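Following: one structure in structure tokens, then a few remarks.
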Amino acid sequence: MTTDTVTDVFEAHRPVLMGVAYRMLGRVADAEDVVQDAWLRWSAGDRAEVREPRGYLVRVTTRLAIDRLRRIKSRGETYVGPWLPEPYVTDFGDTVPDTAERAVLADSVSLAVLVVMESLSPLERAVFVLREAFGYPYADIAAVLDRGEPAVRQLAGRARKHVAERRPRYQVDPAERRDLTERFLAAATDGDLEGLLELLAPDVRLVGDSGGKSRAPLRVLESADHVGRFLLGAARKSVPALSLRFLEVNGGLAVLALSGDEPDSVFQLDVADGRIRTVYVLRNPDKLTSLAAAL
């Protein structure tokens, strides 16, 4: 291959590689580092024996992500407050025309599913990502992980059961999410507690991630009254030069709050049956830096 061809082939597969790495790690910067390492191996390696570049690159990226995830887990760092994945701007556009495939990709990158996936082992997570998000056959996953196919099927079964038992048992309708998000913002900014409580499910949860570096609850809030009163209190605190933008994050509509030109926070709602079931609030400044490119 010429240098241009080597680059073009890699860039054609970069979105898939980034999708695999991010779902494995839940951190944009780590995923970008893994993809960069994959590029270095691709560009400097012997490609004469590579018959199928996509399969080769996914294998390299997955193995690099497993190694990085193992190192992260081995450090045993204590996170301050609830943990959420770093928000990842997702706009599949025309690259994924099939509605069913779009739904699978969006679901597998959702905040709720990624939080559950944090408790999987690195190998279980790799199998879950490759099988459930990207539809890889078990034989191909076995080759990626250098494991026997029966072992891969066992890993897949354990991971699928674990995620199914802990993930939300409802599907989020995009139109319903948009409607409730707009009404949620109107009630919060107007200080309308009654209107806000009408939108919240009785057992609604608010999960705030600040990493102890900004103002957010250090535990999960539960019940409509607790969540509603917290949100109104937060809305009353002024943010300099506040502006709001809608964007697609982790496969669904979210609200980006800006202070001037700087990201201040990201809000996303999980909704079902006309009510808000979960409010996600990301305020850790370290996790908002990657959103600057979306502005």
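Going by a ≥ b ≥ c, the root eigenvalues of the Cα gyration tensor, does the stretch 6-165 fall in the rounded group (a/c under 1.5), the prolate group (a/b larger than b/c) or the oblate group?
Values: a/c = 1.30, a/b = 1.28, b/c = 1.02.
It is rounded, given that a/c, with a ≥ b ≥ c, falls under 1.5.
Report, to the nearest 10°, how far helix 28-44 tilts away from the longest principal axis of the Cα atoms in the chain, using its own Cα long axis and a range of 0 to 90°.
20 degrees
Where only protein heavy atoms count, and the probe is 1.4 Å, what is the accessible area per residue for the chain in Å²?
On a per-residue basis, 50 Å².
Any chance you could give the angle, 0 to 90 degrees and rounded to 10, that helix 3-25 forms with the longest Cα principal axis of the chain?
50 degrees
By the gyration tensor of its Cα atoms, with a ≥ b ≥ c the square roots of the eigenvalues, what is the shape of the chain: rounded for a/c under 1.5, prolate for a/b over b/c, or oblate?
prolate
For the pair SER74 and LEU40, how long in nm is the line joining their label points, each one 7 Å along Cα→Cβ?
Between SER74 and LEU40, the simple spin-label model gives 1.8 nm.
Any idea how far the Cα center of the stretch 235-251 sits from the one of the stretch 167-193, in Å?
14 Å
In the stretch 6-165, carbon and sulfur make up what percent of the accessible area (probe 1.4 Å)? Please list the in-between numbers first.
Values: 3780 of 7650 Å².
C and S fraction of accessible area: 49 percent.
Mind pulling the angle between the C-alpha long axis of helix 224-236 and the longest principal axis of the chain? Nearest 10 degrees, somewhere in 0 to 90.
The helix 224-236 is inclined about 80 degrees to the chain.
Round to a whole number: what % of the accessible area of the stretch 181-295 belongs to carbon and sulfur, probe 1.4 Å?
50 percent
The values are calculated or read from the model by the stated rules, or taken from the named source; none is laboratory data. Since the model is a prediction, treat every value here as computed from it, not as a measurement. Cβ coordinates were reconstructed from backbone atoms using ideal geometry, including for glycine residues, and neighbour counts include every protein chain displayed. Side chains included, ligands, DNA and RNA excluded: accessible areas come from the protein's heavy atoms. Shrake-Rupley method; radii C 1.70, N 1.55, O 1.52, S 1.80 Å.
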